[in-house]
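Notes follow the structure.
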Amino acid sequence: MDTFLQQMVNGLTAGSVYAVVALGYTMVYGIIQLINFAHGEVVMIGAMVAFSVINLLVPSGLPPLAIVLIGAGCAVPICMLVGYGMERLAYRPLRHAPRLAPLITAIGVSIILQHIALMIWSRNILAFPQIIPSRSYFIGGAAITTIQIAILAICFMLMASLAILVYRTPLGTAMRATAQNPQVAGLMGIDINRVIAVTFILGAGLGAVAGVLFGTYYGIAQYTMGSVLGLKAFSAAVLGGIGNIPGAMLGGVLLGVVEALGAGYIGDFTDVCAWGVPLAACEGGGTFILFGSNYQDVFAFLVLILVLVFRPQGLLGERVGDRA
Amino acid sequence: MRFFDTRGKPWLVWLGFALVGLALALLPFALAQAGTTWVRIMNYTILYVMLALGLNIVVGFAGLLDLGYIAFYAVGAYAYALLASPQFGLHLPFWLILPIGAAVAALFGVLLGAPTLKLRGDYLAIVTLGFGEIIRIFLNNMSRPVNITNGPQGITRIDPFSFGTFNFARPDTVLGIDVSGPIKYYYLLLLVALAIIVVNLRLQNSRIGRAWEAIREDEIAARAMGIDTRNLKLLAFAMGASFGGVAGGMFSAIQGFISPESFVLVESIMVVSMVVLGGMGNIWGVILGALLLSFVPEILRWTVTPVQEALFGRMMVEPEVIRMLLFGLALVLVMLFRPAGLLPSAVRKRELEEHVA
Amino acid sequence: MKNIQIGISAIAAAIALIGCGQQSSSGGGAGAEVKIGHVGPLTGGIAHLGKDNENGARLAVEEANAAKIKIDGKDVKFTLVAEDDQADPKVGTTVAQKLVDAKVVGVVGHLNSGTSIPASPIYNQAGIPVISGSATNPKLTEQGFKTQFRVVGRDDQQGPAIASYLATNNKPSTVAVIDDATAYGEGIANEVEKTLKAAKINVLPREKGTDKTTDWKAILTKLRGRNPDAVFYGGMDATGGPLLKQGRELGIKAVFSFGDGACTDKMKELAGDAAEGLLCSQAGIPVEAADKKFLDAYKKKFNADPILYSPFTYDAANMLIQAMQKANSSDPKKYLPVLQKLDFKGATGKIAFDDKGDRKDAEMTIFTMKGGKLTPVAVIQGGKTQTYDEFVKAAK
């Protein structure tokens, strides 16, 4: 039981990071139906910038929490700039081009950002300075660290404030209007270009925070970290219903839990010996495991494919799979 | 090809063919003068040409962006490796395995295509990417509980191609000329590549080719015109995949050793870049793209390092990094300024320019 | 028809011209120049290791030149042809071909097993001996090529070494084995599992991540439920560090042990205080225990300390040179049989090859993390374990 509880804690923490990244995908998709393939790289740049700033400030003797906050404070505007630049230079000129064009551009942008990061921060895996002492608390046999609690709290706050922004402010109304019908929104006096740019900037800012959280949680950052994280977060967004903000949160958390439980239990469930099949390998307490934790990375893709095939609108979303 | 006006002068066409054919036939010997390495590099380049042509059927003709194309290459390579290596003690002849590899790859193409028929372009791209990764993860992990692919250790001692006593890996003397292993492979690869080019050319203007084009332009309209979009899309996936499978089998034999690390996502993106850069849907464009992008790393290797060492006294930016930056930049710039690629296909050009305007 | 003939001869002439132009540039090699190749990744993630390897070989070559060695009564000048394989199997084969084209008489390398294996048939066909100083995958020398050698221990020597040290010193009753699903990680983990099972120790079903895994918590939580006394991870420091850190966060008290991929000082950086007390193994003897003369010469020449495998590539290059001297010929055909039987005393100790081309009685060193530094505790050779202090004493 404590194992199960622990897996839930693990899954929730990883899932809430996915959720914050997924918000970036879903906001952009919701408004201009573009899969911003390069969003994962924005997250990576957030983590890298924070890494540099934190490393610079460690000798200054400031309180650790302040250092991390300054690190995040530097990462967010830089990522926002990257997000804006991306939209302005690579996506806006293609807004009316056939669908594949911006997707291919996005792949190109993603490669470029990765290799610029490589040149700045090297190829090596960077050890995020462990300045905030991590304490483990045991609740019902499950360990939860201070950092995990902080991550859960921050993610929840971010999601709540984003929901308020989108559903309770004039800017949010403008965003939703643009998402529904850009032409009409334009006729109603909304500056569509501005709204789209703001969406990219907000998404990138969230990505930066996610990057910092990821770095402090796992203690590492590397120029390639964005691609896997981005793909998983995208799967989460699709699971929740892409374009749907509460959907992205739900999808992120669910995917995190599915991955944790999957990696934790798939081996036991697919042990042919445990099914009672008499195999030579089973003698003397042996095992014959069909799928072990080695298939952990398959879950995200499997979720993605299954959702797109059987319920393209996702758990909470509108139907988008066959939108022209 | 509108390079020369050949109307009323069919001999000019034949002359052109003869010249190109002769150049291609003599090429490996010229390259071998500079070093057999260059013949090997040329061989890998031809493999990429095959891959790019295969992907072109899916992306260029039918308009389905496939980001996991390398999976079919992997399937073909493993099919060959498993049937012609000590892994299972099987040593079937290559002319039997290559078609098997192509068929298995085609089957996987249909497996990927069938559930994704309803998906729109960008969704399809992501799903294919996931599919490619899943295949790689499976190949990497199918060493237990029963050892099938030997997992990350890969498969060694894969048989080279051979015909009776004629072994493609060994140097030989044919008609009094010394022919090294790579040169023999070159001719075989060239032959297969030419066959693929012919198939592509014939497909382009066939009923099927035009139906694909219709699907690419407007799927709903195509269906309304009575085109069986489901089967045609599946056919595109299957055909594209089978070319990838053949290329994979040849890679396996030439390399003699394969492991899942040769079939990573970057390879898929590289093939997509070739197709996009050269010109989606235009066979000559795609070949040009494949040639350009396969030689870029070699060119960079010869230029970037010495130039940097002369300027800064040491290597600041690795050629590999510059290569990837160029790839990324090429994708972005081509889409922004020349969306139909370097050598656009006529239809594609019209279509893309209309939209951009 | 005349046009065609002119065309053909023009093309043929042009091609011939290109060919000739480049032939003269590669065809050099007058008189007594003897070329030795070296291959390792000089770009990419482990470029620093590739450069270290190259430095080792380069030092040997330059010392040989300074010693004015004569072969067959003639002065010879050795040159090192260094190539970059980017740790990519495909590039590995083209680079191997390049060395064969350049008519090298012997090769030191490659660094990785993944590039050494596909390159080995190319060298074999050309009859050129290859000695790797760092490729540890058993398969490399199991292919049956007479030209393939290595001076470093195999994974199936290193795995048993760390496993038997763990078994005798920590006496665990249950061990969890994890790997990163790479050729290296899985290979060494398999050997560890085999040795532990032979010692009648209970081994839990294998868990696997990838070489990019950052979140090990799901796997570790599962293992925590089974209470292992020790954990072995086959993989690199980039993933091993986070694994160790997360394991301690979850409250796992077991001893964590690693192969040479995670036997680096980086572990301290990545895992923080959790790294204290880890056990790990390296193939060969610790760099600082290598021959003092080599260490000083390396430091003097390259203004840096050797990193990992340079003592081995140094020995490998020296073995090629000594074999040529003994055979009194730089012709691979003539000196290959001499190399096979050579008894060599080098920077990494005594070296002799067995029938497969592997090093006989290769040493393995066990380290522990003590006060944030990797400290050698024992050296294992031919199944015999001696403490590090004993080993150093015996070497003197």
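The values are calculated or read from the model by the stated rules, or taken from the named source; none is laboratory data. Everything numeric in this text was worked out from a predicted model, so none of it was measured. FYI the Cβ positions are ideal-geometry reconstructions off the backbone, even for glycines, and counts take in every protein chain you see. In case anyone asks, the SASA skips ligands and DNA or RNA and just uses the protein heavy atoms, side chains included. Shrake-Rupley method; radii C 1.70, N 1.55, O 1.52, S 1.80 Å.
Observations on the model:
- Three-way shape call for chain B based on the alpha-carbon gyration tensor, with the a/c threshold at 1.5: rounded
- Long-range HN-HN contacts of A:Asp271 with modeled amide H, under 5 Å: A:Leu290
- Long-range amide H partners of C:Phe367 with built H, under 5 Å: C:Cys280, C:Ser281, C:Gln282, C:Val377
- ³J(HN,Hα) computed for each position of the range A:69-83 - Karplus, 6.51 cos²θ - 1.76 cosθ + 1.60, integer Hz, glycine/proline x: 5, 4, x, 5, x, 7, 5, 4, x, 5, 5, 4, 5, 4, x
- Note on A:5-12: average number of Cβ atoms from other chains within 10 Å of each residue's Cβ is 4.
- What separates the Cα centres of the range C:72-139 and the range B:87-106 is a distance of 31 Å.
- Summed residue charge, Cβ within 15 Å of C:Asp72's Cβ, Lys/Arg positive, Asp/Glu negative: +4
- Here the 3J(HN,Hα) profile of the range C:322-333, calculated from phi with Karplus coefficients 6.51, -1.76 and 1.60 at θ = phi - 60°, is 5, 4, 5, 4, 5, 7, 6, 7, 9, 7, x, 4 Hz, Gly and Pro shown as x.
- Highest-first packing order for the peptide set B:213-224, A:179-190, A:33-44 is A:33-44, B:213-224, A:179-190, based on the mean count of other beta carbon atoms within 10 Å.
- Where a label projected 7 Å from the Cα of C:Lys146 along Cα→Cβ would reach, residues of the range B:164-182 with amide N under 19 Å: B:170-171
- Loop-located trypsin sites (Lys or Arg not before Pro) across the range C:292-360 with a Cβ neighbour count of 14 or fewer within 10 Å are C:Lys360, with loop assigned by DSSP.
- Neighbour cut-off at most 16 other Cβ (10 Å), DSSP loop, trypsin sites (Lys or Arg not before Pro), the range C:147-204: C:Lys200
- Calculated FRET value between B:Lys9 and B:Ala114, using beta carbons and R₀ = 41 Å, to 0.05: 0.25
- Neighbourhood charge, 13 Å Cβ-Cβ cut-off, centred on C:Gly357 and excluding it, Lys, Arg +1 and Asp, Glu -1: +4
- Averaged over the residues of B:147-153, the number of partner chain Cβ atoms lying within 10 Å of the residue Cβ comes to 5.
- Using a Förster distance of 22 Å, the FRET efficiency for A:Phe269-C:Asn202 (Cβ separation, nearest 0.05): 0.55
- Interface burial for B against C (accessible surface, 1.4 Å probe, total of both chains, Å², rounded to 100): 3500
- Among B:76-89, A:159-172, the peptide with the highest mean count of other Cβ atoms within 10 Å heads the list, and the full ranking is B:76-89, A:159-172.
- Here the contact order of the range B:36-264, divided by its residue count and restricted to Cα pairs under 8 Å and six or more residues apart, works out to 42 percent.
- Spin-label proximity, B:Arg314 to the range C:232-248 - amide N less than 14 Å from point 7 Å beyond Cα toward beta carbon: none
- The Cβ shell under 14 Å around C:Pro172 holds other residues with a net charge of +3, Lys and Arg each +1, Asp and Glu each -1.
- For the peptides A:223-230, B:186-193, C:220-227, the ranking by packing is A:223-230, C:220-227, B:186-193, with the highest mean count of neighbouring Cβ atoms within 10 Å listed first.
- Amide H contacts for C:Val34 (H built 1.01 Å from N in the peptide plane; partners 5 or more residues away or on another chain; cut-off under 5 Å): C:Lys77, C:Phe78, C:Thr79.
- Solvent-accessible area, 1.4 Å probe, carbon plus sulfur percent, for the protein assembly as shown: 63
- Remark: mean inter-chain Cβ contacts per residue of C:197-210 equal 4, using a 10 Å Cβ-Cβ cutoff to other protein chain atoms.
- The range C:243-280 and the range A:100-124: distance between their alpha carbon centers, rounded to Å: 32
- Looking at chain C alone, DSSP beta bridges between its own residues are antiparallel in about 45 percent of cases.
- The orientation-averaged projection of the convex hull spanning the C-alpha atoms of the protein assembly as shown amounts to 45.8 square nanometres.
- Note on A:Leu81 and A:Asn193: the model spin-label points, each 7 Å out from Cα along the C-beta direction, lie 2.2 nm apart.
- Note: relative contact order over the range C:261-374, using C-alpha pairs below 8 Å and six or more positions apart, is 39 percent.
- For the protein assembly as shown, the solvent-accessible area of protein heavy atoms averages 40 Å² per residue (probe radius 1.4 Å; ligands and nucleic acids excluded).
- Antiparallel DSSP beta bridges within chain B, percent to nearest 5: 100
- Cα-projected label distance for A:Leu65 with B:Leu194, points at 7 Å along beta-carbon direction, nm: 7.6
- Note on the range C:294-345 and the range B:209-283: Cα centroid distance 50 Å, given to the nearest whole angstrom.
- Cross-link reach list, lysines versus C:Lys356, counting only Cα pairs under 16 Å and skipping chain neighbours closer than eight places: C:Lys139, C:Lys146, C:Lys341
- Point-to-point label distance, A:Leu279-B:Trp95, nm (Cα→Cβ direction, 7 Å offset): 4.1
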